[in-house]
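Heads up, the thing below is written out as structure tokens.
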Amino acid sequence: MNRPPASLPNPIRPAFDKGQTEGSVIVNIGPSHPATHGTIQIVAELSGERVVRTDVHCGYLHRGFEKECESHTWHNLIPYVDRLNYCSALINDFAYCEAVEKLMGIEITPRCRYLRTLLAEYSRIADHLTCVAAALMELGAMTAFLYLVTIRDYVYEHLADLTGARVTYSYGRIGGLAGEVPEGWLERLEEILDEMDTFVDRVHGLVDRNRIFIDRMRNVGVLSVDEAINWGFTGPVLRSTGAPRDLRKDTPYLAYEELDFEVPVGIKGDNYDRYYVRMREMDESRHMIRQLMDRLEPGPINVDDRRCTLPEKDRVYTEIESLINHFKLIMEGPQVPPGEVYSAHEAANGELGFYIVSVGGGVPWKVHVRSPSFVHMGGVHRMLDGYQLADIIPSFGSVNMIGGECDR
Amino acid sequence: MSNADDIFDRVRGGLAAKTLESTVEHGVLAIVVEPAEVAEVAGTLKATFGFDMFLDVTAVDWPDREPRFDVVHHFYSTTDRVRVRVKTRVTAADPSVDTLVPLYGSARYMERECHEMYGIRFRGNDDLRPLLLYEGFVGHPLRKDYPKHQEQPLVPYRKDAS
């Protein structure tokens, strides 16, 4: 066995290696640190316990997503986009499918539109549950963590009944969805939403007015509206500063235009506001899911379009045209006309945009993801600098950086 | 949607002198400008038309075309809720455009990614260190001529124990 050399080259070059002030020290936090979820490296200059400045590095989870996309057919990318934000994989699926559908000029069926909206909101809840639970656990609120993760596990198991997987579902399809909702699934959804009301209320009761929690979260990691927009923050982080910017309201897609919901905002853009905005968004999502369950009518979930939808299995076995159609869709991929499109959804963390270039044919020329976590990492130092070393953990946690979509 | 069309018309009118092409594609106004004009056009978009959020910058490689690269910027207006795409074409010999860091803080990180992936140089951005890749990485992996399976491990792979 040959061992790696004794000294390895440093994969990063920190922006600074000397302190600005007398007596300050440079501390390297991460990329493998028990309290940072995700492999992130923060090089911090400390003066005592105070953070003077930080240099945030990401990329340890880079796996060449965009390069890989250029050699697979349009449908084969769906499992890859699942792995961008793995806390709310369905939102990625639907955002990607919608971008391709725009290029192909496909309008999805009403049932598919409602189901996608419902599942997107359900995923948003799972994502916010994860973020809030982890943030609370890092502050020592183990009970609140267990309450939230209990609910999240109900959601995961329930989505596994629908899609066959707990985390990465690959459930979207260009022009529709992978399958119909199983019997009894919506009844169970109602039960889970009711349980969620109970558990989320308990968490409100445990932490909202808890002195320790407030002292750690209030006035820490403060962002102003202008600063947040300048640094590209979107989603709950931008809304926590008080700007009611939400793509579901501003540029409505799927079925959001028909739904009644509010956009919760914070008052000063600190950690407490980010916690509270996420908790309130879960309330709104539950409200939306209940409306969508009432609107869901029976009907087809896939468009009847031979360019993207696989033919019925019994016809594949009995007709040569359907057999050829099936073969072509699998081997060559759906034929997407040349063009380019930028299509964005309001993902759990902010604006998730897909910029897709097609030159015709079954394989994309380019797929670029504008992922909220990556852009947030470019501005997160504004929330860390000037606060205490211990504040890095809750502030960083409140951004909910997801390595899968940040590093791609 | 007519609201968006009005805004697009105003933007097109305001930038007509600098625009080579402009179209509305899938709800986004796409304008093509000369590489030297990018920073000025972005400045006008921000100051005059309220495009206060810088969404994204990336490049598209067309190996058989001259100039070889498209550098693609996306902007969003949080007041008018519309997006604009600003595209420019740069050559492989001199793949450089002006940085947008003085206008948007978020450009700093995104330009770093575009620089390492495509080798686009952003004049004026003083921090183009590798970000998703590592120090010493050779080449620009998202260029079409970079082989997908090429490996550059920092730590040598372990050989079989035998």
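A short reminder: the numbers here are calculations on the coordinates, not readings from a lab. These figures come from a predicted structure and were not determined experimentally. Don't worry about glycine lacking a Cβ; one is built from the backbone with ideal geometry, like all the others, and counts go over all protein chains shown.
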For chain A, with +1 on Lys and Arg beta carbons and -1 on Asp and Glu, the positive-most of A:123, A:46, A:149 along the dipole: A:46
Descending semi-axes in Å of the protein assembly as shown, equivalent ellipsoid built from Cα gyration tensor: 34, 32, 26
Extreme residue, positive dipole direction of region A:143-268, given options A:198, A:228, A:175 (C-beta unit charges): A:228
Within chain A, helix-based [θ] at 222 nm, where runs of 4 or more DSSP H residues each add -39,500 (n - 2.57), nearest 500: -14500 deg cm²/dmol
Neighbour-count order for A:170, A:343, fewest beta carbons within 10 angstrom listed first: A:170, A:343
Antiparallel DSSP beta bridges within region B:2-123, as percent of all bridges there, nearest 5: 70
Part-to-part distance (alpha-carbon centres) for region A:338-408 and region A:140-205, which is given in Å: 24
Region A:58-93-region A:11-43 distance, computed between alpha-carbon centres (Å): 28
Packing-based exposure ordering (other Cβ within 10 Å, fewest first) of A:62, A:57: A:62, A:57
Value of relative contact order over chain B, rounded to a whole percent, pairs C-alpha under 8 Å and six or more apart: 17
Loop-resident sites, region B:69-162, for chymotrypsin sites (Phe, Trp or Tyr not before Pro), counting at most 12 other Cβ within 10 Å (DSSP): B:157
Amide proton proximity set for residue B:121, modelled H, under 5 Å, gap of 5+: B:96, B:97
For region A:240-252, Karplus couplings with θ = phi - 60° (6.51, -1.76, 1.60), whole Hz, Gly/Pro x: 5, 7, x, 8, x, 9, 8, 4, 5, 9, 6, 10, x
Compactness relative to 2.2 N^0.38 Å, alpha carbon Rg of region A:174-328: 1.48
Angle in degrees between helix A:320-331 and the longest Cα principal axis of chain A, rounded to the nearest 10: 20
For region B:2-123, alpha-carbon Rg relative to the globular expectation (2.2 N^0.38 Å, N residues): 1.01
Whole-number percent relative contact order across chain A, with pairs defined as alpha carbons under 8 Å at least 6 apart: 25
Region A:236-261-region B:14-75 distance, computed between alpha-carbon centres (Å): 26
Longest to shortest principal axis, alpha-carbon extents of region A:6-152, angstrom: 65, 43, 30
Label-to-label distance, nm, for residues given as residue A:201 and residue A:142 (7 Å Cα→Cβ offset): 2.7
Hz values of 3J(HN,Hα) by residue in region A:152-160 - Karplus curve (6.51, -1.76, 1.60), Gly and Pro given as x: 4, 5, 4, 5, 4, 4, 5, 5, 5
Region A:75-407: mean projected area of Cα convex hull, nm²: 16.7
Relative contact order (percent, whole number), region B:102-162, Cα cutoff 8 Å, 6+ residue spacing: 27
Pairwise label distance in nanometres, residue A:294 with residue A:76, each label 7 Å out on the Cα-Cβ vector: 4.6
Segment residue A:160-residue A:10, extension gain: residue separation times 0.36 nm, minus the distance between their alpha carbons: 49.9 nm
Listed pairs A:366/B:46; A:102/B:144; A:67/A:102; A:249/A:313; A:18/A:366; A:328/A:366 exceeding 32 Å between Cα atoms: A:249/A:313; A:18/A:366
Theoretical gain in end-to-end length, residue A:283 to residue A:331 [0.36 nm per residue, Cα-Cα removed]: 12.9 nm
Loop-located trypsin sites (Lys or Arg not before Pro) in region A:148-218, at most 12 other Cβ atoms within 10 Å (DSSP): A:209
Debye, to nearest 20: dipole size of region B:2-123, +1 on Lys, Arg Cβ, -1 on Asp, Glu Cβ: 200
Longest segment of chain B lacking GluC sites (Glu not before Pro) that sit in a DSSP loop with at most 16 other Cβ atoms within 10 Å: B:1-134
